[in-house]
Amino acid sequence: MLKNTFGKKKYFTLKVENDRKQQVVKEEEDMLGSTICPGCSTTISELELLRNHKVCPDCRHHFNLSVMERLNLTVDDGTFQELDSGLSSYNILNFPGYDEKLSQAEKNSGFKEAIITGKASIGGCPIILGIMDTRFMMGSMGSVVGEKVSRAFEAAINLKCPVIMFTASGGARMQEGILSLMQMAKTSAVLEKFNRCGLLYISVLTHPTTGGVSASFASLADIIIGEPGALVGFAGPRVIEQTIKQRLPEGFQQSEFLLKHGMVDMVVDRTQLRETLVRLLRLHQGGVNG
Ligand SMILES: [Zn+2]
């Protein structure tokens, strides 16, 4: 009899707690609102989306992540230390409107350039990491992006640790003319030096990785991972269609297409990405806990 009473009480308390939890979830959901998935037009609550690594639970559409979201999902808590945060671009060619664009981009992204680089660890493995942000002038590569990428690889050579780059870019930064194009050669050269040290470089191609970034450090990794559905290529599909005057095949320039044609090694769902990176890093270290 007593046992039953206690049992009921316990159940009652649990039920109240669950009701409270549901209430909190409902309030959080109301606060964050909802969004429509561009992949399948389903309405998804922002909270559900955040919990699912910003991947649509219905069609697996991968929403773009901010630098902070990417960091939170990727590195071990509290391990990220930014490198070269003070570097910012300078309008060396006096290109009209470039100064205004730079300050607008800084406001949009909260960063001084289209890439942040730093030291961190993933699954306990120390790495050097770079994350590009398309909210900063479409992630275009100017002199500072090239310099930060180069310094990241130099830092990894000194520390003898792997590099992981999350790329997202519209290409070269036209406001910096030839100086922007030079960054392809510069980043490729430092990568050759890095490569000769026998260190591991993994690039994760996120939507979209195009132009000079795809034609340099994004494609020169030991292991190239594509996020599902990411557009990866040099020129955009519309430009190619207009040039060759032919219709392009279905899914052309998407990660899955590139995997089929040998340009990408793996396509990994974002919910599995951290786990995959940890496994690759540990395997490279010769660890047994992968
Ligand atoms: Zn969807």
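Residue count for region 162-205 under the criterion of being not hydroxyl-bearing (Ser, Thr, Tyr) and not in a helix (DSSP H, G or I): the result is 17. Tell me yes or no: at least one residue of region 108-129 is among the acidic types (Asp, Glu), modelled with pLDDT of 95 or more and in contact with a helix residue (DSSP H, G or I) (Cβ under 6 Å, 6 or more places away or on another chain). For region 108-129, residues among the acidic types (Asp, Glu), modelled with pLDDT of 95 or more and in contact with a helix residue (DSSP H, G or I) (Cβ under 6 Å, 6 or more places away or on another chain): present. Identification of strands (runs of 3 or more DSSP E) wholly contained in region 68-161 with 1 or more residues that are within 20 Å of the chain's Cα centre (by Cα), at negative phi and crowded, with 20+ Cβ neighbours inside 10 Å yields 115-122, 125-132.
Residue-level analysis places Val278 among those that are touching a residue at least 60 places away in the same chain (Cβ under 8 Å) and either of a type in the set (Asp, Glu) or surrounded by 12 or more Cβ atoms within 10 Å (Cβ to Cβ) (or both). For region 45-58, the count of residues that are among the small types (Gly, Ala, Ser) and within 16 Å of the ligand (Cβ to nearest atom) is nonzero. Is one or more of the residues making up region 230-242 of a type outside the set (Phe, Trp, Tyr), more than 23 Å from Gln183 (Cβ to Cβ) and part of a loop (DSSP other than H, G, I, E, B)? No. Close contacts from region 67-94, counting a first residue that is of a type in the set (Val, Ile, Thr) and a second that is crowded, with 16+ Cβ neighbours inside 10 Å, with Cβ to Cβ under 6 Å and a gap of 6+ residues or different chains, come to Val67/Ile116; Val67/Ile131; Val67/Asp133; Thr74/Arg274; Val75/Ala120; Val75/Ile122; Thr79/Ala120; Thr79/Ser121. Among the residues of region 24-34, is any within 16 Å of the ligand (Cβ to nearest atom) and either modelled with pLDDT under 70 or under 30 Å from Asp133 (Cβ atoms) (or both)? Checked region 24-34: at least one residue is within 16 Å of the ligand (Cβ to nearest atom) and either modelled with pLDDT under 70 or under 30 Å from Asp133 (Cβ atoms) (or both).
The values are calculated or read from the model by the stated rules, or taken from the named source; none is laboratory data. Since the model is a prediction, treat every value here as computed from it, not as a measurement. Please note: Cβ atoms are built from the backbone with ideal geometry, for glycine as well, and neighbour counts cover all protein chains shown.
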